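**Q** Would you mind keeping the following structure in view while I ask a few things?
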Amino acid sequence: MARIPYAAPEPLQQMLRRTPFPEDTSGNVFRILARAPSVGAGALNLIYAVLTETELDPRLREIVILRVAQRSGAAYAFAQHA
């Protein structure tokens, strides 16, 4: 259960329109970021660039994400990428 209530569908869709992610994206991380749409859109654009515009092999990229999540105690991020 989330500690902060998720955003309603409309703010989520408005935020997603400002990112390369499809408007029907509904993961919990997106719903939380929509609580602060200007920050959320910026964060999602950065995440998208890291996931799609780097020269790292996709498998190595996921290993790096898992290691950073583990080292920083980010259990949610680790679970999403495991």
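**Q** For a quick check of your reading of the model, give me the residue pairs whose first member lies in the stretch 8-20 and is under 13 Å from residue 43 (Cβ atoms) and modelled with pLDDT of 90 or more, whose second is part of a helix (DSSP H, G or I) and among the hydrophobic types (A, V, I, L, M, F, W, C), with beta-carbon atoms closer than 6 Å and at least 6 apart or on different chains.
**A** 15/41; 18/41; 19/41; 19/44
Residues checked against (1) charged (D, E, K, R); (2) within 14 Å of the chain's Cα centre (by Cα):
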| position | (1), (2) |
| --- | --- |
| 4 | no, no |
| 23 | yes, yes |
| 48 | no, yes |
| 73 | no, no |
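**Q** Does the stretch 14-28 hold any residues that are part of a helix (DSSP H, G or I) and surrounded by fewer than 16 Cβ atoms within 10 Å (Cβ to Cβ), and which are they?
**A** 14, 28
Okay, residues lined up against (1) among the aliphatic types (A, V, I, L, M); (2) closer than 23 Å to residue 61 by Cβ; (3) out of contact with any strand residue (DSSP E or B) (no Cβ under 9 Å at 6 or more places or on another chain):
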| position | (1), (2), (3) |
| --- | --- |
| 2 | yes, no, yes |
| 5 | no, no, yes |
| 12 | yes, no, yes |
| 17 | no, no, yes |
| 21 | no, yes, yes |
| 31 | no, no, yes |
| 40 | no, yes, yes |
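**Q** Follow-up. Would it be correct to say that residue 50 is at pLDDT below 90, assigned to a helix (DSSP H, G or I), surrounded by 15 or more Cβ atoms within 10 Å (Cβ to Cβ) and of a type outside the set (D, E, K, R)? Break it down stepwise before answering.
**A** Working: at pLDDT below 90: yes; assigned to a helix (DSSP H, G or I): yes; surrounded by 15 or more Cβ atoms within 10 Å (Cβ to Cβ): no; of a type outside the set (D, E, K, R): yes.
No.
**Q** Just one of 31, 67 is assigned to a helix (DSSP H, G or I), within 25 Å of residue 2 (Cα to Cα), modelled with pLDDT of 95 or more and among the basic types (Lys, Arg); which is it?
**A** The unique qualifying residue is 67.
**Q** Return the pairs, sorted by first residue and then second, in which the second residue is of a type in the set (Val, Ile, Thr) and not in a helix (DSSP H, G or I), the first residue lies in the stretch 57-80 and is without any contact (Cβ under 8 Å) to a residue 40 or more places away in the chain and surrounded by 10 or more Cβ atoms within 10 Å (Cβ to Cβ), the beta carbons are less than 7 Å apart, and the residues are 6+ apart or on different chains.
**A** Going by the 7 Å Cβ cut-off, the qualifying pairs are 61/54.
**Q** Identify the residue in the stretch 34-43 that is over 17 Å from residue 3 (Cβ atoms) and of a type in the set (A, V, I, L, M, F, W, C) and, among all such residues, is nearest to the chain's Cα centre (by Cα).
**A** We begin by selecting, within the stretch 34-43, every residue over 17 Å from residue 3 (Cβ atoms); these are 37-39, 41-43.
Right, trim to of a type in the set (A, V, I, L, M, F, W, C) and you get 39, 41, 43.
On the way: 39: 12, 41: 10, 43: 7 Å.
By that ranking, first place goes to 43.
The values are calculated or read from the model by the stated rules, or taken from the named source; none is laboratory data. Just so we're clear, the structure is a prediction, and the values are computed from it rather than from any experiment. Cβ atoms come from the backbone with ideal geometry, glycine included; neighbour counts cover every protein chain shown.
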